[in-house]
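**Student:** Structure incoming, see below.
The values are calculated or read from the model by the stated rules, or taken from the named source; none is laboratory data. In this text the structure is predicted, and so the values were computed from the model without any measurement. Here the Cβ positions follow ideal geometry from the backbone for every residue, glycine too, while neighbour counts run over all protein chains shown. Areas reflect the complete protein model, heavy atoms only, side chains present, ligands, DNA and RNA absent. Shrake-Rupley method; radii C 1.70, N 1.55, O 1.52, S 1.80 Å.
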Amino acid sequence: MRYYIADLHFCHDNLNHRMDCRGFKDGEAMNEYMIDKWNSRVRANDEVIILGDFCVSTKAEEVNNILSRLKGRKHLIIGNHDKFLGLRKFDQSHFKWVADWSRILL
């Protein structure tokens, strides 16, 4: 199966309180909920195309931890909040590919 998803904004605590008012106790609770929902649907060999804004964290270890817990073969089209890509300790091998854009044939 191939899934497409965008604008997850992992680690973006302001989405809870100011912007989207997602209603979680804090950013960590939001992250855990999204990880649980992702893993309840995605299987190990499924492809997930992330259409930008995966995570706003500037801590490589935090992003690596989230990605290591998500099932599936992940691909990323870079969004404006995906600054973690430039972090020295970020492990890009969590993604099969990372690109500014992509043409995906169905």
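**Student:** What angle, in degrees between 0 and 90 and rounded to the nearest 10, separates the Cα long axis of helix 27-41 from the longest principal axis of the Cα atoms of the chain?
**Tutor:** 40
**Student:** Moving on. Pick from F54, F95, F24: which is most flexible by mean-square fluctuation in a GNM of the chain where alpha carbon atoms under 10 Å apart are linked?
**Tutor:** Highest fluctuation among the options: F24.
**Student:** Can you give me the Cα centroid spacing of segment 62-106 and segment 21-56 in angstrom?
**Tutor:** Between the Cα centre of segment 62-106 and that of segment 21-56, the gap is 13 Å.
**Student:** Ok, one more. All other residues with a Cβ under 15 Å from the Cβ of I104 taken together, and with Lys, Arg as +1 and Asp, Glu as -1, what is their net charge? Write down the numbers at each step before the final one.
**Tutor:** Details: positive: R2, R73, K74, K96, R103; negative: D46, E47, D100.
Net local charge, I104 excluded: +2.
**Student:** Determine the sum of side-chain charges near N80: Lys and Arg each +1, Asp and Glu each -1, restricted to other residues whose C-beta is under 12 angstrom from that of N80.
**Tutor:** Summing Lys and Arg as +1 and Asp and Glu as -1 gives -3.
**Student:** Further question: Going 7 Å from the Cα of E61 along its beta-carbon direction, which residues of segment 1-44 have the amide nitrogen within less than 20 Å of the resulting point?
**Tutor:** Under cut-off, by backbone N: 10-13, 27-29, 31-32.
**Student:** Using all Cα-Cα distances in the chain, what percent lands in each 10 angstrom bin from 0 up to the longest?
**Tutor:** Distribution as computed: 15, 49, 32, 4, 0 percent.
**Student:** I'd like to check one number: the per residue accessible area of segment 1-101, probe 1.4 Å, reported in Å² as a whole number. Write down the numbers at each step before the final one.
**Tutor:** Numbers: 6010 Å² over 101 residues.
Accessible surface, normalised per residue, equals 59 Å².
**Student:** Per DSSP helix of 4 or more residues, -39500 (n - 2.57); summed, then divided by the residues of the chain. What does that give at 222 nm, rounded to the nearest 500?
**Tutor:** Roughly -8000 deg cm²/dmol at 222 nm, from the helical runs in the chain.
**Student:** Compute the acute angle (0 to 90°) between the alpha-carbon long axis of helix 60-69 and the principal axis of greatest extent of the alpha-carbon atoms of the chain; round to the nearest 10°.
**Tutor:** Compared with the principal axis, the helix lies near 70 degrees.
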